[in-house]
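Values quoted throughout were computed directly from the atomic coordinates according to the rules given, and no laboratory measurement underlies them. Since this is a predicted model, take the numbers as computed values, not measurements. Heads up, the Cβs are rebuilt from the backbone with ideal geometry, glycines too, and the neighbour counts pull from every protein chain shown.
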Amino acid sequence: MENENSVIYGLEFQARALTPQQAETEKIRFFIGTQSLKQTNNQIHLVEFDEENSTLKTTVFYHTLGEIWKINSSPINTSLINTCYNTITSDNTCSIRTSILKVPQDVNSDQIENLDVVVNFSTELLESDVKTNEFNPLDETKSITVCENQVTLWDISESEAKSILNINLEGKNNPKFTTGKWNPHQNCNQFTTATETHLKTYDIRSGQIAWHIESVHSQLLRDLDYNLNKQYHLATCGDDGFVKIWDFRQTTQPVYSRSDHSHWVWCVRFNPFHDQLLLTASSDARVLISSAASVSSESNTENILSEDSTVTPEPKQMLSDGPLQWCEHEDSVYCAEWSPAEPWIFASLSYDGRLLISRVKRSLKYQIML
């Protein structure tokens, strides 16, 4: 029987890194990375949700490289993840670096294993802290790292990553990159970065700017996400508390803008199957599912063939824009993610180490489907 209550999983350590197992389309799985100040204590938890019984199966791995600030999974290979982690350098300073790790297919749940590093990234080329390491959605031999002042395209087909392209950020007042995402549509030839309050998208074939949007938010731009169903739409969120959707063919103003959180918005995600649903996480300790139906790929009207074979337009009842469902945490929520295997399941992680796996309300699901 379907249960609409969230399932809670608690970690021993604080955490702010969460990702679904992107390449897994049968099982509902999420990876969590911990942030223990004692580096050797850090862990990666693989959490599998049994939807039918509302139960969790977890596997824990050691992550002795350091405290995890970001974790991503390969969209092609189920056994590959990358982490961005804070580590102690040879001169006894802290630095955020990245590695690609291999997750074993068969594990002994009674014994905590270390994950093997399968790709290293040159610290000489990573001149500043790594913000994220993004797998190419179509080519498993490529990834891009975003550092504070540079974006680097890598060949990751061997154990030592090789730099293919390096883009340096220049400008007045020493601007910095915050994060970045591949554009999944243009044959993955574009990569979009968040730079202070602006969006800058680069053509990775030339390293030149393909398009940009200035002053996307009035305060720091925290995250962005592409709509898989509408190739010119992407969502952004930031410290001004707003969530916006932009059509980058017309950049003067967003096509959608709402401020339903009371503090910084750290994460925004389109539902990969039903793009009228937006998932957001904030340091106001709330996770929201909101409707962006007015700019979704769903048509406002559908043609129904009547008995006398004449086509008559009948309006389809659309969701109203705005909040539809929320769940509460007791601490800041830095990550929220949809499951690639089940469009009605999402996970959220708060800094106190509490993971919630939740369902879209049954009434809302039927309203979208019918």
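Quick notes on this one:
- Two-site label geometry, Asp155 and Gln219: point separation in nm, points 7 Å out along Cα→Cβ: 4.4
- Loop trypsin sites (Lys or Arg not before Pro), the range 248-279 (other Cβ atoms within 10 Å of the site Cβ: 12 or fewer; DSSP): Arg249
- Exposure proxy order (Cβ contacts within 10 Å, fewest to most) of His63, His274, His198: His198, His274, His63
- With R₀ set to 30 Å, the beta-carbon distance separating Asp50 from Glu140 gives a calculated FRET efficiency near 0.55.
- Full extension of the chain between Asn187 and Thr58 yields a length gain of 42.9 nm, computed as 0.36 nm times the residue separation minus the alpha carbon distance.
- Centroid-to-centroid, using Cα positions, the range 236-254 and the range 48-124 are 32 Å apart.
- Net charge of neighbours whose Cβ lies under 9 Å from the Cβ of Lys176, counting Lys and Arg as +1 and Asp and Glu as -1: -1
- Ranking of Ser282, Ser206, Ser339 by neighbouring Cβ atoms within 10 Å, starting from the fewest: Ser206, Ser339, Ser282.
- Residues whose placed amide H lies under 5 Å from that of Ser282, excluding near-sequence neighbours: Trp266, Val333
- Here the range 339-370 and the range 23-38 have alpha carbon centers that stand 16 Å from each other.
- Extending 7 Å from the Cα toward the beta-carbon at both Thr123 and Ser90 defines two label points whose distance is 0.7 nm.
- Karplus-derived 3J(HN,Hα) values for the range 359-370, using 6.51 cos²θ - 1.76 cosθ + 1.60 with θ = phi - 60°, are 10, 5, 3, 4, 5, 5, 4, 5, 5, 6, 7, 8 Hz; glycine and proline are entered as x.
- Neighbours of Leu278, meaning other residues whose beta-carbon lies under 11 angstrom from its beta-carbon, give a summed charge of -1 when Lys and Arg score +1 and Asp and Glu score -1.
- Charge context of Tyr232, other residues only, Cβ under 11 angstrom, K/R +1, D/E -1: +1
- Distance between the modelled labels on Ser79 and Asp352, one decimal in nanometres: 3.9 nm (7 Å Cα→Cβ projection).
- Coupling constants for the range 78-93 follow from the phi torsions by the Karplus curve (6.51 cos²θ - 1.76 cosθ + 1.60, θ = phi - 60°), and in residue order they are 5, 9, 10, 9, 10, 10, 10, 9, 8, 9, 8, 8, 5, 8, 6, 10 Hz; glycine and proline get x.
- Likely footprinting exposure, Lys172, Lys200, fewest C-beta neighbours within 10 Å first: Lys172, Lys200
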